[in-house]
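Peer 1: Mind having a look at this structure? Questions to follow.
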Amino acid sequence: MAQGVAWLWWLMAIFFSLVLLAVGALWIHALRRTPREVTVVEARRIEKCWLIGGGLILPGVSILALLLLGTPVGQRMLPLPVEGEQPLRIDITAHQWWWEVRYPDSGVVTANQLHIPAGRPVDLHLGSADVIHSFWVPRLGGKLDMIPGRTNVLRLQADQPGTYRGQCAEFCGTQHTHMQIVVIAHAEADYQAWVEERAKRRVTPLAGAAGEIFATHCGTCHRVAGVSDGARAPDLSDIGSRPTLGAGVLRNEPGAIARWLHEHRRLKQGNGMPAHDDIDDNQLDAIAEWLETLAP
Ligand SMILES: [Cu+2]
């Protein structure tokens, strides 16, 4: 789908560049030529010729050609009925400023990353919990707005396994930049393995005081499968396996979760997580270390 859009864009760019060059050449020619005498009747005929040719026929034909070429490209992005195996459904809800990703068939929940099977169409049911956002993975498909109170469906397909970068494409507040999503397209068998692993996974709770602090401070907003049930903030059940933290603020390297917990207010100003100044540093580090292990 994205290939179709890119192809159409290049075609338009080439065509309109040719039009621009032709108009520029005519303009220079008009400036440099020696005027010749014409009668009033002849002048009117020339004027009419340019008005009809350049003002009606040329744009008419160009727009018609664009419509004929563009319609099938647009058609392929629509979630039209397909024969045989049905597209996989995934629900994505945009929040200021992160992505909630749900797999209704298996009950798997994740955030800021989207695992899909390659070579198969996927229908993304897009919604928003607050303001208007827009879902866009340029290498996979078109852009579609995510509007509160409405569900828009976007179909896309990754032809090759790989990692594709996505970005919110509708300004949604100060941290709009830090609203990135990483799409990981797996070979079919690897995808099934990922879903199964995630669906059955239950995390072992963190022992000791840090575990209690997690349950009372973090668990009211964050869900960790088998430990807490919060639904306001990103699900953390597989946080250790995510490519980034804070929807693109930090690369998820060893130690990055601890840094995020200590400095998230500075790293992503205005994010919904409260300051942790009431939790002592050692306990915060213990929580971070445990979160790092949460990977399928
Ligand atoms: Cu945005």
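Peer 1: Look at the range 220-237 and say how many of its residues are in contact with a strand residue (DSSP E or B) (Cβ under 6 Å, 6 or more places away or on another chain) and farther than 16 Å from H178 by Cβ.
Peer 2: The number of residues fulfilling the criteria is 6.
Peer 1: Going through the range 149-177 one residue at a time, which ones are open to solvent by 50 Å² or more (accessible area, probe 1.4 Å) and within 13 Å of the ligand (Cβ to nearest atom)?
Peer 2: E170, F171, T174, T177
Peer 1: Out of A65, A111, I need the residue that is within 16 Å of the ligand (Cβ to nearest atom) and outside the structural domain of L245 (by TED's automatic domain parsing). Which one?
Peer 2: A111 is the lone residue from the list that is within 16 Å of the ligand (Cβ to nearest atom) and outside the structural domain of L245 (by TED's automatic domain parsing).
Peer 1: Identify, from the list A209, A225, the residue that is of a type in the set (A, V, I, L, M, F, W, C), closer than 27 Å to T93 by Cβ and out of contact with any Leu (no Cβ under 8 Å at 6 or more places or on another chain).
Peer 2: A225
Peer 1: Still on this structure: I need the full set of residues from the range 69-108 which are under 30 Å from I239 (Cβ atoms), among the charged types (D, E, K, R) and open to solvent by 40 Å² or more (accessible area, probe 1.4 Å), in order please.
Peer 2: R89, R102, D105
Peer 1: Could you look through the range 116-136, keep only residues that are away from the ligand (no atom under 16 Å from the Cβ) and touching a residue at least 40 places away in the same chain (Cβ under 8 Å), and pick out the one that is surrounded by the most Cβ atoms within 10 Å (Cβ to Cβ)?
Peer 2: Once the filter is applied, the top-ranked residue is I116.
Peer 1: Turning to a different aspect of this structure: Out of the residues in the range 196-236 that are outside any helix (DSSP H, G or I), surrounded by fewer than 15 Cβ atoms within 10 Å (Cβ to Cβ) and among the basic types (K, R), state the one that is farthest from the chain's Cα centre (by Cα).
Peer 2: R202
Peer 1: Okay, moving on. When you look at L291, is it surrounded by 13 or more Cβ atoms within 10 Å (Cβ to Cβ), touching a Gly at 6+ places or on another chain (Cβ under 7 Å) and in a helix (DSSP H, G or I), yes or no?
Peer 2: Yes; evaluated as a whole, the condition is true for this residue.
Peer 1: Of all the residues that make up the range 178-195, how many are within 16 Å of the ligand (Cβ to nearest atom) and part of a loop (DSSP other than H, G, I, E, B)?
Peer 2: 2
Peer 1: Right, something else. Condition first: surrounded by 10 or more Cβ atoms within 10 Å (Cβ to Cβ) and either aromatic (F, W, Y) or more than 17 Å from A22 (Cβ to Cβ) (or both). Now tell me which residues in the range 38-51 satisfy that.
Peer 2: Matches in the range 38-51: V38, E42, A43, R44, R45, I46, E47, K48, W50.
The values are calculated or read from the model by the stated rules, or taken from the named source; none is laboratory data. Keep in mind it's a predicted model, so treat the numbers as computed, not measured. Every residue, glycine as well, gets a Cβ built from its backbone with ideal geometry; the counts of neighbours run over all protein chains shown. The accessibility values were calculated without ligands, DNA or RNA, using every heavy atom of the protein model including side chains. Shrake-Rupley method; radii C 1.70, N 1.55, O 1.52, S 1.80 Å.
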